[in-house]
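Throughout, read-outs are computed from the coordinates displayed, never taken from laboratory work. These numbers come from a predicted model, not from an experiment. Virtual Cβ from ideal backbone geometry, glycine too; neighbours counted across all protein chains shown.
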Amino acid sequence: MQYYQRIRDLREDSDLTQEALCRKLYMHKTTYTNYEQGKHTVPLDFAVTLADFYNVSLDYVAGRTNFKHGTGNIRLSKEQLDIAEKFDSLSERNKGRLEQFLEQLIEKQENESHIKKEAKSS
């Protein structure tokens with residue numbers, strides 16, 4: 001993900017217009033719009049300001065991770081690390097297939113859980 005898409009997503013997820021964000025950050029809308037559209041590179045000091053404003057990591061703002069608070073505090077078990085290594089060895093196509101399969105498994109699990117809850121309440 002490009003950083004300019006990430007800063008737009010952060011703004012929209014916070015239900016802010018560009019105008020409202022610029023008022024809060026005391027900046028010109030044109031400057032911010034150019035950052036969000038990828039026309040200008042976001043300066044490091046402003047990226048830090050955005051990370052602080054949204055309470056996310058700088059890596060998240062930069063699009064380097066999908067973990068909002070970085071990966072420094074994440075502790076993985078040996079099994080999880082093994083799975084991550086296997087995932088990294090896959091082709092991009094197979095990574096996509098695996099992600100789709102995982103989504104299907106999660107949906108199935110949620111449906112089964114919902115059915116069990118309904119059965120208990122009956």
Of everything in the stretch 68-95 that's loosely packed, with under 10 Cβ neighbours inside 10 Å and hydroxyl-bearing (S, T, Y), which residue is farthest from R6 (Cα to Cα)?
-> S77
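Could you tell me which of the residues T33, T65 is assigned to a helix (DSSP H, G or I), closer than 18 Å to Q2 by Cα and free of Cβ contacts under 8 Å to residues at least 60 places away in the same chain? Write out each step before concluding.
Details: T65 fails: assigned to a helix (DSSP H, G or I).
Going through T33, T65 in turn, just one is assigned to a helix (DSSP H, G or I), closer than 18 Å to Q2 by Cα and free of Cβ contacts under 8 Å to residues at least 60 places away in the same chain: T33.
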The stretch 1-30, subset polar (S, T, N, Q) and in a helix (DSSP H, G or I), residue farthest from D52 (Cα to Cα) | T30
Members of the stretch 68-122 that are closer than 30 Å to L50 by Cα, in a loop (DSSP other than H, G, I, E, B) and not basic (K, R) | H69, G70, T71, G72, N73, I74, L76
